[in-house]
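**Student:** First, the structure itself, so that you have it in front of you.
The values are calculated or read from the model by the stated rules, or taken from the named source; none is laboratory data. Values in this document were obtained by computation on a predicted structure and should not be read as measured data. As a convention, Cβ positions derive from the backbone with ideal geometry for all residues, glycine included, and neighbour counts pool all protein chains shown.
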Amino acid sequence: MTNSNFDTKILEQLRQLEEKYEAMGQDLSSYLDGLLHADYLTYWDYIHLDTLLSLQNPKTQFPDEKIFIIYHQITELYFKLILNEIEQLSFEDEVEPDRFLLRVNRINRYLLHLVDSFDVMIDGMDQKQFLDFRMSLLPASGFQSAQIRMFEISCTDLLNLVEENKRTEMDTENVQQMYDHLYWKRGATELATGKKTLTLKQFESKYAGDFLKLSDKYRSTNVWQKYNSNYKSSDKSETIVKALRKLDQLSNVQWRLAHYKSAVRYLQRDPEVIAATGGTNWQKYLPPRFQRVIFFPELWSKEEKDNWGKNWVEETVFNK
């Protein structure tokens with residue numbers, strides 16, 4: 001590239017910048033002065049590396065507690081990536097079928113990483129250390145991950161997240177009524193009394209309002225509704241259905257079973273089995289076959305729904 005061509009290109013870029021800043025009532029020259037004095041960007045500043053690496057603050061002296069903290073932080077970051085995709089998928093105007101499919105496949109890729117990464121929890125910590133330090137963290141629990149609930153709400157109609165035996169009783173226009181009977185609340189009730197655990201009380205105190213607002217926001221724009229409204233009859237519908245079925249299975253079978261395997265590995269110590277998760281009833285809450293939470297039930301046969309998660313439990317947990 002000659003100096004002449006280079007100068008012409010720079011001048012054209014300056015002209016475009018001047019137009020941009022004039023439209024905002026700004027002076028380009030002032031911004032160029034600032035650019036002259038600005039430092040170069042570094043990797044560690046851009047991703048706030050020092051801050052990121054300072055966010056692990058164990059409550060005990062057991063070394064493996066850092067693994068526990070870091071893994072949960074990684075999980076939350078993955079769910080932030082997933083929610084970023086759903087936000088665009090749900091609210092972009094006139095998204096082409098290929099674009100919709102691209103985003104669903106991205107979500108599936110993140111979920112697949114989460115499922116595969118759970119070995120860090122299953123086999124990556126010393127069992128005795130875990131049982132000791134976990135008791136110092138009560139009543140905190142991974143149950144209290146708001147992003148997981150946000151993910152569920154943004155994927156499907158709220159009715160599909162209601163306890164299965166309560167769904168026929170629901171007024172689907174009454175978000176509060178459906179919220180009161182969401183399936184995951186049963187996972188944080190005391191076995192003996194049926195009362196809410198402190199874990200659940202803390203969680204709802206912080207996030208209930210956000211969940212209700214989100215339920216209204218995604219009522220007609222969740223992943224399932226977007227598919228029905230825009231892509232059900234498209235030439236990509238068969239491929240999209242395959243991707244949505246994969247999303248359903250990764251979220252509601254494989255991810256739950258990976259979590260269940262971890263709980264069995266560390267917490268299966270009757271009669272004290274419930275204590276280490278702040279009272280959460282994980283034995284009834286985590287196995288897919290008990291809850292049968294399905295984001296897209298219309299995409300599955302009756303036989304598939306009746307046996308939801310059964311094969312994966314036998315293969316993954318019991319090695320049959």
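**Student:** Do we have residue 55 as modelled with pLDDT of 95 or more and not in a helix (DSSP H, G or I) here? Please lay out each step first, then the result.
**Tutor:** Numbers: modelled with pLDDT of 95 or more: yes; not in a helix (DSSP H, G or I): yes.
Answer is yes for this residue.
**Student:** With the checklist (1) small (Gly, Ala, Ser); (2) within 22 Å of residue 212 (Cα to Cα); (3) exposed (fewer than 15 other Cβ atoms within 10 Å of the Cβ) in hand, flag the one item residue 136 doesn't pass.
**Tutor:** (2)
**Student:** Can I ask one more? I'm trying to understand the selection: among the residues of the range 221-239, which are closer than 21 Å to residue 172 by Cα and either at pLDDT 95 or above or not hydroxyl-bearing (Ser, Thr, Tyr) (or both)?
**Tutor:** Here is the first cut: in the range 221-239, the residues closer than 21 Å to residue 172 by Cα are 221-229.
Selection gives 221, 222, 223, 224, 225, 226, 227, 228.
**Student:** Residue by residue through the range 129-166, note down the ones that are over 21 Å from residue 196 (Cα atoms) and free of Cβ contacts under 8 Å to residues at least 60 places away in the same chain.
**Tutor:** Scanning the range 129-166 gives a single hit, 159.
**Student:** Now for a separate question. How many residues, within the range 89-119, are part of a loop (DSSP other than H, G, I, E, B), β-branched (Val, Ile, Thr) and within 15 Å of the chain's Cα centre (by Cα)? Don't jump to the end; show me each part of the working.
**Tutor:** As a first pass, look at the range 89-119 and keep what is part of a loop (DSSP other than H, G, I, E, B): 92-96, 118.
Applying the additional criterion that residues be β-branched (Val, Ile, Thr) yields 95.
Filter once more, keeping what is within 15 Å of the chain's Cα centre (by Cα): none.
Of the residues in that region, 0 qualify.
**Student:** Between a first residue in the range 37-49 that is part of a loop (DSSP other than H, G, I, E, B) and a second residue that is of a type outside the set (D, E, K, R), which pairs have beta carbons less than 8 Å apart while being 6 or more apart in sequence or on different chains?
**Tutor:** none
**Student:** Would you please name the residue that is surrounded by the most Cβ atoms within 10 Å (Cβ to Cβ), looking only at residues in the range 179-193 that are among the hydrophobic types (A, V, I, L, M, F, W, C) and under 21 Å from the mean Cα position of the chain (by Cα)?
**Tutor:** Our first condition is that a residue be among the hydrophobic types (A, V, I, L, M, F, W, C); within the range 179-193, this holds for 182, 184, 188, 191-192.
Of the ones still in play, those that are also under 21 Å from the mean Cα position of the chain (by Cα) are 182, 184, 188.
Working: 182: 20, 184: 18, 188: 26.
The residue in question is 188.
A quick yes/no check of all residues on (1) farther than 22 Å from residue 296 by Cα; (2) outside any helix (DSSP H, G or I):
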site	(1), (2)
179	no, no
204	yes, no
207	yes, no
211	no, no
235	no, yes
243	no, no
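**Student:** For the range 229-251, name all the residues that are in contact (Cβ under 8 Å) with a residue 12 or more places away in the chain and among the charged types (D, E, K, R).
**Tutor:** 235, 236, 245, 246, 248
**Student:** Moving on to the next point. Do we have residue 125 as surrounded by 14 or more Cβ atoms within 10 Å (Cβ to Cβ), over 29 Å from residue 205 (Cα atoms), at pLDDT below 95 and among the hydrophobic types (A, V, I, L, M, F, W, C) here? Even if it seems obvious, please write down each step before you answer.
**Tutor:** Working: surrounded by 14 or more Cβ atoms within 10 Å (Cβ to Cβ): yes; over 29 Å from residue 205 (Cα atoms): yes; at pLDDT below 95: yes; among the hydrophobic types (A, V, I, L, M, F, W, C): yes.
Yes, satisfied.
**Student:** Considering each of 67, 82, 122 in turn, give the residue that is within 29 Å of residue 227 (Cβ to Cβ), in a helix (DSSP H, G or I) and in contact (Cβ under 8 Å) with a residue 40 or more places away in the chain. I'd like the intermediate steps shown before the answer.
**Tutor:** On the way: 67 fails: within 29 Å of residue 227 (Cβ to Cβ); 122 fails: within 29 Å of residue 227 (Cβ to Cβ).
The match here is 82.
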